């Protein structure tokens, strides 16, 4: 980082021949207020002038999904009830299940006792009765008894459930990852005060799981399930624009296909044959949307241009100068010349010389901000494998 906002304003005012301020933020002098505003305007406009390497960032995230037994009554076809374990599900999820149309999204989710009721944007065409669990209790089980201590695979119970639950049983409930089973179960009244035993599950709960009682249900065989797949992901808070051809499914090591236009997207969501092994993407309604949804934890990522060209003294990324101690990613000289040019334009002065100086500095800064590839006037094909240099003139196959 270079000079602070105060230092930049002081340099610009010195060159313009106007009074040099000792502070900027909170200054009531009209020239200082105007120069501060013009310097911010310069920062905003430079965002579009080049792909400044300091502003190119990576956004990497893991897809989310959840599963739950549920019940559908065709008298209310837009709702699924008696769902469990959907504490992280919201309106960014789509639903897959018996009788659920393609591209059906959650419009609302409401806690109802120890369960959830989900409202959908499309009607379900098949009634579903809730599979009966072998054991279910809203109060008997405690997750993450020792927060962040390596006990995320342990569930403690206050009543003896060893006659109902056995290793291999499926577990559903808040914070329980999909496809979780009981690995072992132990009756031990001396294990922890207030508990009569514990079980170890195949998948640990997230370390952020609050320690306490959770309602859990256990099944011997796989129940009828509804799958909730997150397909809409929030953009980074400093997102300005995306960098083309940087969108990758890092788990499969395949480039994601996109951005899809509106017509292609509707074909994907509504067509008979519209899915394949590769993820497609679109930025729509301020969200990074993917298709098809995935029922596993897939690592996705892309590069984007940040709009946070300023930075506070504490390292906080900012979209503009707001304090005298703020700095920016642009070269000092470019900011000073850009501010002077805008000052002359605002006052109605001749800007010919100012514009020449600014444009020369801008071109230099852009050229030196990143390296550039070497270009050849006489490019030749590579000869790493078979090429002109190692193919015989005759005798093929002999």
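Figures for the structure shown
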{"quantity": "Every residue from segment 83-104 that is surrounded by 15 or more Cβ atoms within 10 Å (Cβ to Cβ) and free of Cβ contacts under 8 Å to residues at least 24 places away in the same chain", "calculated": "104"}
{"quantity": "Residue among 159, 124 that alone is over 29 Å from the mean Cα position of the chain (by Cα), assigned to a loop (DSSP other than H, G, I, E, B), modelled with pLDDT of 85 or more and farther than 28 Å from residue 206 by Cβ", "calculated": "124"}
{"quantity": "Test for residue 121: is it within 23 Å of residue 266 (Cα to Cα), surrounded by fewer than 19 Cβ atoms within 10 Å (Cβ to Cβ) and touching a strand residue (DSSP E or B) at 6+ places or on another chain (Cβ under 8 Å)", "calculated": "yes"}
{"quantity": "Residue that is buried (at least 17 other Cβ atoms within 10 Å of the Cβ), free of Cβ contacts under 8 Å to residues at least 12 places away in the same chain, within 30 Å of residue 10 (Cα to Cα) and over 13 Å from the mean Cα position of the chain (by Cα), where the choices are 307, 318", "calculated": "318"}
{"quantity": "Conditions (1) within 34 Å of the chain's Cα centre (by Cα); (2) farther than 30 Å from residue 275 by Cα; (3) outside any loop (DSSP other than H, G, I, E, B); number of the one not met by residue 137", "calculated": "(1)"}
{"quantity": "Complete set of residues in segment 174-201 that are without any contact (Cβ under 8 Å) to a residue 24 or more places away in the chain, surrounded by fewer than 17 Cβ atoms within 10 Å (Cβ to Cβ) and assigned to a loop (DSSP other than H, G, I, E, B)", "calculated": "188, 189, 190, 193"}
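The values are calculated or read from the model by the stated rules, or taken from the named source; none is laboratory data. Nothing here was measured: the structure is a model prediction, and the numbers come from that model. FYI the Cβ positions are ideal-geometry reconstructions off the backbone, even for glycines, and counts take in every protein chain you see.
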